[in-house]
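What follows is a short report on a single structure.
The values are calculated or read from the model by the stated rules, or taken from the named source; none is laboratory data. Just so it is clear, the model here is predicted, and its values are computed rather than measured. A quick note on method: Cβ atoms are made from the backbone with ideal geometry, for glycine too, and the neighbour counts reach across all protein chains shown.
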Amino acid sequence: MKNKSGLIYISWMIGVSALILFICSSLRHELFQSNALDLAVFDQWVYLASQGLPTISSFFGFQMIGDHAAFILYLIVPLYKIYPDVHWLFAVQAIALALGCLPVYALSLQAGLSINYARAISISYLLYPCLFNTNFFTDFRPEAIAVPALLWAMWAGISNRTWQLIIAIALVLSCKDILSLTVIAFGVWLWFIQHRRIYGIGCIVTGAVWYLMTVGYLVPMIRGGKAGGVVFYSSLGDSPKEIIWNIIFNPSLILGKFFAPETLFYYLLLLLPVIIGLHWRHATMIIPALPMFLLNIISDYSAQRDLVHHYSLTIFPFLIVWLLYSIWQYQQDKKRPWLKPRFLIVWAIIAFLALAKYEFFITRYLSSLSILNSLHTAVSLVKTQGSVLTTSRIAPHLSQRQIINLISTDSKIDDISSGNIEYVLLDARTKNRENKLDFNPELPYELKNNQAFKLIYQQDDVYLFKKQ
């Protein structure tokens, strides 16, 4: 009876959390704060697939699977067949992230914790800042779906649920090619820590084969010889093979990064939301997180070492598992009697208030509020599926077409008028994060005087031009 009431409680947590996450991401989109390369790219790919069109991104110029072999996107296509709308992506991500608390709850009970502790740790998962920040800041990422799948795989592996483990691992691998390294590390954890030898070997072999197939062959073939994400490790090499070679045989290139002030602060950020309950004896629970953790540390891209972007999304679930096993250990040792469920929840709330970026709603996301009606009106006037040239923030509202391109400061009036562009939509008031416009400020006036285009809407420095 208690277990049934616990599941009802968790179901409510999942529903409320998914709704909050969905509202937050939808609100950001409604305020024209989404980013083309974070949202419009995925929206265009899934839309094209749902219409039976070639899934070639006009932003990147390559096919959908070229984006880190994210086969999981094909499971979203049927939703777009029902009704093509970018909010499906928000809903899928919100539900996936919220669902992660269910396997956390199951793992807690599996470890021998009480229902009250299982609930508290599930709340700690939902309040972990990286979960909220990724949903609120980076629009949509396929690896969000891998979060509950990884936790599900841990539960299934410990419980000897073979088919559930296979399905969970398949879901993880379909989200992103580089997660094959996580699966390999997960196999090591299953074999040597959980003593599930067959499961461990299966995960190691599957992860290695998937890595060679996707990172080593499929993705570079689609992307013209380049593996995805290599640009973030240019100081180590120009290919995965070269990067791995330098890490093994020239470790001096990366050793300093482990103790850099920025990296030390990253350690603190990761641990702070769960630090009050961690026990060193169960630090092995984070073994599956080590590949992504190490990639973040050695990266040249500093955004991989914060809780704002999505790069820690497949790391923090294992910190939650470390937390729940640590609490079990303290109970066995009869230590930290003050570490009650209520205290865990209070600490999770404090960490959330300190590290979650909900203030972006005020500090960043209201910048277009004064011209919001004009932006929505201009978007509604794009009546055809013709090609569009626009800014990064407007692009996610018009990405369901075969051709949509981003304007830049290098865009010239002659190239625009002679190119295959039907609409040009500009916002001459909203600045980017460098406090500059995305295009030459004179461009709206040049388009007005160009006979190839007709101005069909102008309000609040929002301009919509249509080719004659």
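If the condition is being in a helix (DSSP H, G or I) and of a type in the set (A, V, I, L, M), then the range 100-121 contributes L102, V104, A106, L107, L109, I115, A118, A120, I121.
All conditions but one from (1) closer than 17 Å to F360 by Cα; (2) under 15 Å from the mean Cα position of the chain (by Cα) apply to L31; the one that does not is (2). Applying a threshold of 7 Å to beta carbon distances and a minimum spacing of six or more residues, or different chains, the list of pairs starting in the range 12-36 at a residue that is within 15 Å of A96 (Cα to Cα) and ending at one that is outside any helix (DSSP H, G or I) reads S25/D139. Reported count of residues in the range 449-461, each being within 14 Å of I416 (Cβ to Cβ) and in contact (Cβ under 8 Å) with a residue 12 or more places away in the chain, is 5.
Of the residues making up the range 214-232, those that are outside any loop (DSSP other than H, G, I, E, B) and out of contact with any His (no Cβ under 9 Å at 6 or more places or on another chain) are G216, Y217, L218, P220, M221, I222, V230, V231, F232. Residues that are touching a residue at least 12 places away in the same chain (Cβ under 8 Å), assigned by TED's automatic domain parsing to the domain that holds C175 and either part of a loop (DSSP other than H, G, I, E, B) or in contact with a Cys (Cβ under 9 Å, 6 or more places away or on another chain) (or both) do not occur anywhere in the range 284-294.
Inspect all residues belonging to the range 187-204 and state whether any of them is modelled with pLDDT of 95 or more, closer than 24 Å to L75 by Cα and in contact with a helix residue (DSSP H, G or I) (Cβ under 8 Å, 6 or more places away or on another chain). So far as the range 187-204 goes, yes, one or more of its residues are modelled with pLDDT of 95 or more, closer than 24 Å to L75 by Cα and in contact with a helix residue (DSSP H, G or I) (Cβ under 8 Å, 6 or more places away or on another chain). Taking the criterion of being among the small types (G, A, S) and buried (at least 17 other Cβ atoms within 10 Å of the Cβ), the residues of the range 385-416 that qualify are S387, S392, A395, S399, S411. Taking the conditions exactly as written (assigned to a helix (DSSP H, G or I), in contact (Cβ under 8 Å) with a residue 40 or more places away in the chain and farther than 29 Å from N133 by Cα), does I201 satisfy them or not? No, not satisfied.
As a summary of the residue check, I76 satisfies the conditions (1) under 19 Å from the mean Cα position of the chain (by Cα); (2) at positive phi except for the one numbered (2).
Looking at the structure I just gave you, is L307 over 27 Å from N135 (Cβ atoms), touching a residue at least 60 places away in the same chain (Cβ under 8 Å) and not in a helix (DSSP H, G or I)? Answer is no for this residue. Each residue in the range 83-99 was checked for being closer than 25 Å to A153 by Cα and either assigned to a loop (DSSP other than H, G, I, E, B) or of a type in the set (G, A, S) (or both), and 4 pass.
Considering only the range 313-404, give the helices (runs of 4 or more DSSP H) lying wholly within it that have at least 1 residues that are over 30 Å from L27 (Cα atoms). Of the helices (runs of 4 or more DSSP H) lying wholly inside the range 313-404, those with at least 1 residues that are over 30 Å from L27 (Cα atoms) span 316-333, 341-355.
Restricting attention to the range 292-350, report how many residues are among the small types (G, A, S) and surrounded by fewer than 16 Cβ atoms within 10 Å (Cβ to Cβ). Adding up the residues that qualify gives 2. All of (1) farther than 28 Å from I178 by Cα; (2) modelled with pLDDT of 95 or more; (3) out of contact with any Phe, Trp or Tyr (no Cβ under 7 Å at 6 or more places or on another chain) hold for Y9 with one exception: (2). Quick check on the range 218-244: of everything there that is within 15 Å of Y301 (Cβ to Cβ) and of a type in the set (V, I, T), which residue is surrounded by the fewest Cβ atoms within 10 Å (Cβ to Cβ)? The selected residue is V231.
Is the range 331-348 home to any residue that is assigned by TED's automatic domain parsing to the domain that holds L48 and at positive phi? Yes: one or more hits.
Filtered by the rule that a residue be within 18 Å of L212 (Cα to Cα) and crowded, with 24+ Cβ neighbours inside 10 Å, the range 154-172 gives I169, V172. Scanning the range 169-198 for residues that are outside any helix (DSSP H, G or I) and touching a residue at least 60 places away in the same chain (Cβ under 8 Å) turns up K176, D177, I178. Residue pairs whose Cβ atoms lie under 6 Å apart, sitting 6 or more positions apart in sequence or on different chains, and linking a residue in the range 405-417 that is closer than 15 Å to Q451 by Cα to a partner that is modelled with pLDDT of 90 or more and part of a helix (DSSP H, G or I), are I413/E446.
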